[in-house]
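The values are calculated or read from the model by the stated rules, or taken from the named source; none is laboratory data. Bear in mind the structure is a predicted one, so any value in this text is a computation, not a measurement. Here the Cβ positions follow ideal geometry from the backbone for every residue, glycine too, while neighbour counts run over all protein chains shown. The area values use the complete protein model at the heavy-atom level, side chains included, leaving out ligands, DNA and RNA. Shrake-Rupley method; radii C 1.70, N 1.55, O 1.52, S 1.80 Å.
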Amino acid sequence: MSYQHKDIEQKWQDFWAKNATFKTGEDTSKPKFYALDMFPFPSGQGLHVGHPEGYTATDIVSRMKRSQGFNVLHPMGFDAFGLPTEQYAMKTGRFPADITKENVANFRKQMQTLGLSYDWDREVNTTDPKYYKWTQWIFEQLYKKGLAYEDKIMVNWAPDLMGGTVVANEEVIDGKTERGGFPVYRVPMRQWVLKITAYADRLIDDLEGLDWPESIKEQQRNWIGRSIGASVFFDVENAQDKIEVFTTRPDTLFGASYVVLSPEHALVDQIATDDNKDAIEAYRKEIASKSDLERTDLNKDKSGIFTGAYAINPVNGEKLPIWIADYVLASYGTGAIMAVPAHDTRDFEFAEKFDLTIKPVIEGGTNEEAYTGDGTHINSGFLDGMDKATAIATMIDWLEEHDRGHKQVNFRLRDWIFSRQRYWGEPIPVIHWEDGESTLVPEDQLPLELPYMEDIKPSGNGESPLANATEWLAVEDENGRKGLRETNTMPQWAGSSWYFLRYIDPTNDDAIAAPEKLNYWGNVDLYIGGQEHAVLHLLYARFWHKFLYDLGVVPTSEPFQKLVNQGMILGENHEKMSKSKGNVVNPDDIVNEYGADTLRMYEMFMGPLEQSIAWSEDGLSGSRRWLDRVWRMIVDEDGHLNANITTENDGTLTKSYHQTVKKVTNDFEGLRFNTAISQLMVFVNDAYKAEKLPLEYIKGFVQLLAPVAPHMGEELWQILGGTDTIAFVAWPTYDESQLVENEVEVVLQVNGKVRSKITVAADIAGDELEKLALADEAIQKQVADLTVRKVINIKGKLINIVAN
RNA sequence: GCCGUUGUGGCGGAAUUGGCAGACGCGCUGGACUCAAAAUCCAGUUCCUUCACGGGAGUGUGGGUUCGACCCCCACCGACGGCACCA
């Protein structure tokens, strides 16, 4: 009887569900392992063929760890708030919660057909009030610590997205919204903001100890963008004002030839001379109408205007003209710079265009371009003769001594804009009272539930649709004081910033999770997901986790010890899968036609987990053929155990078996699933050549296969005589002594080229081996006319004869 | 422009610490089985040259270190990803 994937997969999925096979063990005397997948947004499209790749990887490790005696926490949930559902709801006139429910049910069903060993009793859903009660609770703790505040700030306003909404910096790509590609403008607006910058140093420094891909760490470092330099204070001529600038090159202060303020800088109006004010106003108007895209990418040409005022260089008293220019950003540093055109590319361009002084203070440059490298300082008073590092340190000392500046660290990272003008998100639990006070919704009244609304169209004035929920909106306290609820909701990143903690104790109504459970499960041992979350989700989750650590809620300062990014699965034409290209593969179709085991096996075998690889229908069917081959190796035509599987062991498979156990175990541990599977194939090839198959080896082999192909694994285990699930059968072990050979093949080289091979006893003496090598016929031929200069002997492997 | 990742047969990929390049799979070729085909099983398959034995070349390119380099060093080229007027 051939392998019938539909019957067998259904049979074991039912068995696992009925017996709660994958319920998380809680016997704390056992070691733990927490294997986590990035939970998906349950879109209407259903599962993509890329999802099962990461899911299968954590599933294989989870299954192996269970067999190795670990308590395994391997949960799944849904990141279900978000814009696509809200847009779809408006289009169809339906309610977002209903759509979400359907999509989640579909996703769950699809995941179950893949045979993933999740503990479904621990499923979390960010839109469940019992869940977002704790998202709101965390927000309230942030508020109490002064880390959540309201501010009128320049935000990324996308008037064409959802009837007008604000997006985070991270959601702006090339001056357009990440979703939909709408233009983004910078306008001031009242927003909730989380002070992630308070954690900037720790977010950079703690990357050090994490087992994460270097590229992700680097992206986070770039995103946080720490730069170390100095603040320098410039007096303004004939005025009380001081201009504070930030520079990473205080050593070039003697070369400063002008000062630039960003057009939005607060001092501009005070210092500008009357005859320049009209021109300044015109310039500002011109800039305000530009989107970010036009201000940066589209316009590399420098623009600016003179204010009429002068600053005094603190180190030499020189008079420097003060300009405004949009190449200086209000949002970075102090929004003001000292310009050193001789040693800064941007200042150089500006100075060339407006004919400003260019004064070199470091040797080594030309007149053609700014010289930004190291060199000996000149024209720099007490810095003359020093190199860059020494000059920087010396100048900072001088500034501090004379009270003209100090060492300063700046970050590119901005505080996290935490409000969205949308309906489908967690309500921010704040009430604005008529007397001007704002208070939190008391903790014992959480969750503050999202009200049901017939119509969730945007209010049109930039406020969230919740502004129209009149009944929900109005509150009155015990003294009759009237107030209005905050109408902004949280961004999608809120719920995903802590969900991994909730799996630990998903139904706890009194806390995020019980402290003893948090202590037991600690941080996530293995976290697998897509690279697209490199800075967004992973940075926010680290920030919240560190905050919770400071509060004493969690025992670790980092949430994810080991992180792996699975690569993308591309279409058969090596392009990203997309409907418009018509190269999308639907996992449901594959499961139907080939079975979930084949899909799992193929996705693991196609290449390294981290690498992006093109889909191949041929490769897929090859995987199915191999599983059939395995089946035929063990099961005869009548569905019974093959007659050549016996308890006798003639030893022919011993070495191959022990090698296979060793390699597969190590490779699963190291997430090298493709090479683990190739070793399973090697064993099967060997087994087909053997006359008798020792039962013990076949059982071990099935155990090694089961994490990859769990349904087939269970079925074969049963045919081999197993009476219960294979999930907890102790993992096979190997015997190192079975791997050593008493005869080895030694490669013979002449001048580094392989000329012959001989088989010798493994413990042969070195000089005897060399004698044998030189006596070899092929070697004799090669060295006949040469003088042997040297013989290199790598024990048990290789002899290299150097001759000329 | 800067940073990171990466480059190996017709294709996906493998190669522990610097020691037989191409494991395993796909594809292709041949054989067995079959009336025949499919499926299956077995064998072969880097390129050039040779009837063959054999010889030569070969891991993006050019150089270097070494008895020996896919692996280490220098320079360059291509692909992918990120950042980008961040002072």
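Restriction of the GluC sites (Glu not before Pro) in the stretch A:719-762 to DSSP coil positions whose beta-carbon has at most 14 other beta-carbons within 10 angstrom yields A:GLU741.
So what is the relative contact order of the stretch A:663-804, in percent, for Cα pairs below 8 Å that sit 6 or more residues apart?
Numbers: 149 pairs, mean separation 22.8, N = 142.
Reported relative contact order: 16 percent.
The mean accessible area for residues of chain A, using a 1.4 Å probe and ignoring ligands and nucleic acids, is 44 Å² per residue.
To the nearest 0.05, what FRET efficiency results for A:GLU208 and A:GLN611 with a Förster distance of 22 Å applied to their C-beta separation? Could the numbers behind the result be given before it?
Values: r = 26 Å, r/R0 = 1.17.
Once rounded, the FRET efficiency stands at 0.30.
Would you work out if the stretch A:294-442 is rounded, prolate or oblate? Take a ≥ b ≥ c from the square roots of the eigenvalues of the alpha-carbon gyration tensor; rounded if a/c is under 1.5, else prolate when a/b is larger than b/c, oblate otherwise. Prolate shape, in that a/c is at least 1.5 and a/b is the bigger ratio. Between A:ILE428 and A:MET490, the built amide H atoms are under 5 Å apart, and every one of these is 5 or more places off in sequence or on another chain. State whether chain A is rounded, prolate or oblate according to the following rule on the C-alpha gyration tensor (a ≥ b ≥ c being the square roots of its eigenvalues): a/c under 1.5 gives rounded; otherwise a/b larger than b/c gives prolate, and the remaining case gives oblate. It is oblate, given that a/c is not under 1.5 and a/b is not larger than b/c. Couplings for the stretch A:549-555, taken from phi via the Karplus curve 6.51 cos²θ - 1.76 cosθ + 1.60 with θ = phi - 60°, read 5, 5, 6, x, 7, 10, x Hz in order; Gly and Pro are left as x.
Scanning residues 5 or more positions from A:ILE362 or on other chains, those with amide H under 5 Å from its amide H are A:ILE378, with H placed 1.01 Å from N in the peptide plane.
Taking a straight Cα-Cα cut-off under 19 Å and skipping sequence neighbours fewer than 8 places away in the same chain, the aspartates and glutamates within cross-link reach of A:LYS692 are A:ASP636, A:GLU637, A:GLU648, A:ASP650.
Could you work out what % of the accessible surface of chain A is carbon and sulfur, using a 1.4 angstrom probe and leaving DNA, RNA and ligands out of the count? Don't skip to the end; give the middle numbers.
Working: 16950 of 35590 Å².
So the carbon and sulfur contribution to the accessible surface is 48 percent.
Taking K and R as +1 and D and E as -1, what net charge do the other residues with C-beta under 13 Å from the C-beta of A:GLU102 add up to? Could you put the intermediate results ahead of the total?
Numbers: positive: A:ARG94, A:LYS101, A:ARG108, A:LYS109; negative: A:ASP98.
Value of the local net charge: +3.
A simple spin-label model places the labels of A:ALA17 and A:VAL747 5.4 nm from each other, with each point 7 Å out along Cα-to-Cβ.
Count the net charge of all other residues whose Cβ sits under 10 Å from the Cβ of A:LEU473, scoring Lys and Arg as +1 and Asp and Glu as -1. All intermediate terms of the calculation are to be shown ahead of the outcome.
Values: positive: A:ARG485; negative: A:GLU471, A:GLU486.
Cβ neighbours under 10 Å give a net charge of -1.
From the alpha carbon centroid of the stretch A:192-219 to that of the stretch A:1-61 is 31 Å. Which shape class applies to the stretch A:529-581: rounded if a/c is under 1.5, otherwise prolate when a/b exceeds b/c and oblate if not, where a ≥ b ≥ c are the square roots of the Cα gyration tensor eigenvalues? Prolate, since a/c reaches 1.5 and a/b exceeds b/c.
Could the peptides A:328-338, A:69-79, A:434-444, A:625-635 be put in order, highest first, of the mean number of other beta-carbon atoms found within 10 Å of their residues?
With the highest mean Cβ count within 10 Å placed first, the list reads A:69-79, A:328-338, A:625-635, A:434-444.
Residue separation of A:LEU570 and A:ARG789 scaled by 0.36 nm, minus their Cα-Cα distance, works out to 73.4 nm of gained length. For chain A, relative contact order (Cα pairs under 8 Å, six or more residues apart, normalised by length) works out to 14 percent.
Here chain A is treated with +1 on each Lys and Arg Cβ and -1 on each Asp and Glu Cβ, and its dipole about the Cα centre works out to around 1300 debye.
Here the spin labels are modelled as points 7 Å beyond Cα on the Cα-Cβ line, and at A:GLU26 and A:LYS562 they lie 2.7 nm apart. Each part gets one Cα centre, and for the stretch A:613-669 versus the stretch A:303-358 those centres are 72 Å apart.
In chain A, taking the dipole from charged Cβ atoms about the Cα centre, the farthest positive-side position among A:LEU627, A:GLN531, A:ASN742 is held by A:ASN742. Within the stretch A:547-614, the trypsin sites (Lys or Arg not before Pro) that combine a DSSP coil assignment with at most 16 other C-beta atoms in a 10 angstrom radius are A:LYS576. Rounded to the nearest Hz, the phi-derived 3J(HN,Hα) couplings of the stretch A:622-639 under the Karplus curve 6.51 cos²θ - 1.76 cosθ + 1.60 (θ = phi - 60°) are x, 5, 4, 4, 5, 4, 4, 5, 4, 4, 5, 5, 10, 10, 8, 4, 8, x, where x marks glycine and proline.
For the stretch A:104-247, what is the relative contact order in percent, using Cα pairs closer than 8 Å and at least 6 residues apart in sequence? Let's see the in-between values first.
Values: 125 pairs, mean separation 22.0, N = 144.
Value for the stretch A:104-247: 15 percent.
If R0 is taken as 45 Å, the Cβ-Cβ distance between A:LYS407 and A:ASP275 corresponds to a FRET efficiency of 0.70. Restricting the trypsin sites (Lys or Arg not before Pro) of the stretch A:295-358 to loop positions (DSSP other than H, G, I, E, B) with no more than 13 neighbouring Cβ atoms within 10 Å leaves A:LYS300.
Karplus-derived 3J(HN,Hα) values for the stretch A:487-494, using 6.51 cos²θ - 1.76 cosθ + 1.60 with θ = phi - 60°, are 9, 6, 10, 7, x, 4, 5, 5 Hz; glycine and proline are entered as x. Applying 1/(1 + (r/R0)^6) with r as the Cβ-Cβ distance of A:ASN367 and A:ASN222 and R0 = 25 angstrom yields a FRET efficiency of 0.15.
Farthest toward the positive end of the dipole of the stretch A:389-481, out of A:PRO451, A:PHE418, A:LEU399, is the Cα of A:LEU399, where the dipole comes from beta carbon charges about the Cα centre. Computed per residue of chain A from DSSP H runs no shorter than four, each worth -39500 (n - 2.57), the mean residue ellipticity at 222 nm is -10500 deg cm²/dmol. Here A:LYS576 is the anchor, and the aspartates and glutamates within straight C-alpha reach of less than 15 Å, apart from those fewer than 8 places off in the same chain, are A:GLU532. Legend: residue pairs A:LYS30/A:LYS517; A:LYS144/A:LYS195; A:LYS562/A:LYS663; A:LYS152/A:LYS242; A:LYS242/A:LYS407; A:LYS101/A:LYS581, Cα-Cα distance threshold 20 Å; pairs beyond threshold, A:LYS562/A:LYS663; A:LYS152/A:LYS242; A:LYS101/A:LYS581. Remark on A:GLY77: its backbone amide H falls under 5 Å from those of A:VAL124, a criterion applied only to residues 5 or more positions apart or on other chains, H modelled at 1.01 Å from N. Need the list of lysines near A:LYS757 for cross-linking: C-alpha distance under 17 angstrom, and skip anything on the same chain fewer than eight residues off. Within the straight-line limit of under 17 Å, A:LYS757 reaches these lysines: A:LYS771, A:LYS781, A:LYS795, A:LYS797.
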